[in-house]
Each structure stands twice: as structure tokens, then as C-alpha cells.
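Notes follow the structure.
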Amino acid sequence: MRPAAGQQGAAAGIPARQAATQDAEQVLARLGSTRAGLSGAEAGRRLAPGGPNAVRTHRVRALAVFGRQLRSALLFLLLAAAVGSFFFGERTDAVIIGVILLLSVALGFANEYRAERAAQALHSQVRRTAVVLRDGHEQEVDVTGLVPGDVVRLALGQIVPADLRVLERTGLQCDESILTGESAPVDKDLAAVDGEPEPAELSCCALMGTVVHAGSGTGVVVATGGRAEFGRIALGLGERQPETAFQVGLRRFSVLLLQVAAALTTGIFVINTVLHRPLLDAPLFPLAIAAGITPLRELPPVENGLAPEFDPADRGALTPVRHNGAHDW
């Protein structure tokens, strides 16, 4: 039996920017909820169409890991050296370089895949809960199970698990620097705002990923997962992980080696032509130098401390990531 249109709308929630322009009772009415929260059965019905309160999860894909092993220009330089050696009669050199290539890719894949699996195991063990009102009393639920219409309690130091329209507050302040860049905590009140507010102007809403800096309060969930302000930003960034400083440096070094090999090949070819030397020496000599100065590819998972990239709201909350001794938030 398909849910009614009203139920589907309540399960989808309301964007925080819209909820902020309406008073609390209007928001509760649109969400089909009350200050006493939802029943457990109703929350279960809303979870299926609305989906879990998560932006994305950490999954290991073997093909993606293998593909990352082939991005280095150093590998193509070695491959060119192997192919060149083979066609110019240096079969032994070609085999040696080929073995080095295979070992580099295989070791890189094995180490990175093992690191990704370890990160996935750690991810799966992380659980965050929130205190909600269901069936007339408070209970702790996993934040991935929150749905629009749930009434959530906020306490000092808590990471806000979803976009909330504030219903009650006692000196409630939230640190919203993760979203707006504003260093000072923001006071939360109950009055609706006018016009078309930006995230920094949502004074009557507590937004996913922000931190309760002072006081306490109660709010009704208006948006979860990718529909929350935090989730929309996270999804807009895409799933591609940004390169670390080491990876950027390694890529630039790879390009430099290619440029050096090309310059050597061209220069030696010109010199051999002028001096009437064998032209086959032109490609073999720089290829030999390239093979000699090319290091085995480093392994990103080891350098990054086995830490997955910032995974916003994977459990509906903020997760810090460490790279090479520095914190990225």
C-alpha cells in the first residue's frame, strides 16, 4: 500500500530556510508532528521513503582502488622504458622493468585496499545517538534513524544531528563555523525570520554538523541527510577525495621526470645526428636514465595514516580527519 501524499511530504521534510520563515506550530503542522514527537511506528514508516539520516557511507571498491594505482605518470614513464627496451633489443631490461611495474601496482593495490578495508571497519563501528521524544517519552536512537518530525533534545557539547527548527531553548548557542565560517557562537531563539535567509541568518534553526556551544534546547527535525544544509554542501563537493600535499608533490615530480626524459631524448637525438652517431642511442640513453631515477610509487594510504577523507554526516555528524599531522575539518 503506497503512502499518502501528505505522508510522503512529511517524510521528505522542509528545507531549513523555509522552516525558519514559519513559526514553530506551522512547522509542526506541516510535518504532521507535535511537541511530544512521533510514535515509533510513524517514525518507521517515514524512514523508508525519506531514507536514513546520512549523506554517504564509506564503501571499498576494488576497481576504484586499482584505478588509482594507474594514475601516476611515473608508471607510464617506466612502461615507455620497458616497451622501448623491448623493441630495441634489450629484452632483459624490458622484463626487469616490467616486473618492477607489476610489483609497484600490486603492492600499491594490496596496501591501499587493506587500508581502505580497515577504514571501512572503523567506520562501521562508529555509532552516534540522539535523544528524541517518541511514544511520549525520551529515548536514544541512532542518528541515522532520525526522520522529519522527530523532536530532538540538544545538550551542551552535542553535535546537531539534523536540521532542526527550535521549539524550546535555554541560553542555546551553536558554533556554526563549519557552515558559515563565523567564529563566534550564534544565539538561537524561537522567532521566525523574514525574507529569504542565508544559512548564517537561520537564528531559529540548529543546523546539522554545528555544535551546541552553550545552553540546551529542543527542536523538531525538518531535514535529514542530503536535504539538510550540511548535506547539500557535502553532496555538492562530490565523492572524489582531494589530493594530499604529498600526492600533489608526487604528481608534479612525475611530470618533471617526463619533461626531463623528453628533453634528454630530443637533445641526444640532435647531438647524435650532428656527430653522425647511431640514432638508436637517442631513445635508449634517456630511457635508461628515466628507469634509473624513477622511484617505486609511494602508497597514499600509508602516508595518510589510514584515515578516510572527511565524510560529512555519514552518521549524521561531523568527523575530523587527520592528514600528515594537520587537522582538516
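Rule-based calculations on the coordinates, nothing more; no lab input. Because the structure is predicted, anything quoted here is derived from the model rather than measured. Glycine gets a Cβ as well: all are built from the backbone with ideal geometry, and neighbour counts include every protein chain shown.
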- Note on the structure: Those chymotrypsin sites (Phe, Trp or Tyr not before Pro) from region 51-137 that are DSSP loop and have at most 15 other Cβ neighbours within 10 Å turn out to be 88
- Message: Calculate the FRET efficiency for residue 216 and residue 79 from the Cβ-Cβ distance with a Förster distance of 45 Å, rounded to the nearest 0.05.
- Response: 0.15
- Query: Given the Cα-Cα distance of residue 131 and residue 155 and 0.36 nm per residue of separation, how much length would full extension add, in nm?
  - Reply: 7.7 nm
- Note on the structure: With a Förster distance of 30 angstrom and the Cβ-Cβ distance between residue 117 and residue 87, calculated FRET efficiency to the nearest 0.05 equals 0.15
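Length gain on complete extension for the stretch residue 273 to residue 259, per 0.36 nm per residue less the alpha carbon to alpha carbon distance?
Net length gain for the segment: 2.9 nm.
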- Message: For region 102-163, which trypsin sites (Lys or Arg not before Pro) pass both filters: DSSP loop (anything but H, G, I, E, B) and at most 10 other C-beta atoms within 10 Å?
- Response: 127
- Item | Loop GluC sites (Glu not before Pro), region 111-187, which have at most 16 other Cβ atoms in a 10 Å radius of their Cβ (DSSP) | 182
